[in-house]
Amino acid sequence: MKIPVLVVGGAGYIGSHCAKALADAGYHPVCFDNLTAGHREFVKWGPLIEGDIFDSALIRKTIQEYQIAAVLHLAGYSKVGGSVTDPVRCYSANVGGTLSLLEAMRDAHCSRLIFSSSGAVYGHAAPGLIPEQTVCSPVNPYGASKWMIERILLDFRTAHQLNTINF
């Protein structure tokens, strides 16, 4: 039996490539997407659950129904310029959406999460490779929202034994 992985944001460009890589590696990708920025035709390697990240009940049901072993979180608002002109939209989608996802994972007893963060958490870092020990200093709401999520994940690791990887 293939291990099921929930790909939140799985109908997007990066999400669809991740779903393909998961399928090629022998996993069963289950894509969860509201299709705001994703495309139904990008989902080719497993089922598509059409839903919003704010629908904790549907995420919890999906995790339970497919016996999800881990979640790959790629969903969110990713327009850096738009985050500056409309920070509420950015923070709501990224931070609020992640909290909703984490609530569903906690309630469904799913404790493995891979989170797609961003180099934007480092702000104006020097060119080239950025060591993980570099101090976070985001310069826009997009980077700040990703940094906040990283901090939230630390708290969930402690409170709910959540196993996370940030990339």
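The values are calculated or read from the model by the stated rules, or taken from the named source; none is laboratory data. Here the structure is a predicted model, which means the values were calculated and not measured. As a convention, Cβ positions derive from the backbone with ideal geometry for all residues, glycine included, and neighbour counts pool all protein chains shown. When the accessible area is computed, the model is the full protein with side chains, heavy atoms only, and any ligands, DNA or RNA have been set aside. Shrake-Rupley method; radii C 1.70, N 1.55, O 1.52, S 1.80 Å.
Of note:
- Ligands, DNA and RNA aside, L74 has an accessible area near 40 Å² when probed at 1.4 Å.
- Here the label points at E41 and Q64, each 7 Å from Cα along the C-beta direction, are separated by 3.6 nm in the simple model.
- Average accessible surface for the chain: 53 Å² per residue, computed with a 1.4 Å probe over protein heavy atoms with every protein chain in place.
- Qualifying lysines (Cα of each under 23 Å from Cα of K2; at least 8 residues distant if same chain): K20, K44, K61
- Prolate/oblate/rounded label for the range 24-133 (Cα gyration tensor, a/c 1.5): prolate
- Using alpha-carbon coordinates, inclination of helix 97-107 to the longest axis of the chain, degrees: 40
- Rounded, prolate or oblate (a/c below 1.5 giving rounded, otherwise prolate when a/b exceeds b/c) for the range 123-165 by Cα gyration tensor: oblate
- Counting only DSSP H runs of at least 4 residues, each contributing -39500 (n - 2.57), and dividing by the residue count of the chain, the helix-based mean residue ellipticity at 222 nm comes to -11500 deg cm²/dmol.
- Neighbour net charge for S145 - beta-carbon separation under 13 angstrom, K R +1, D E -1: +2
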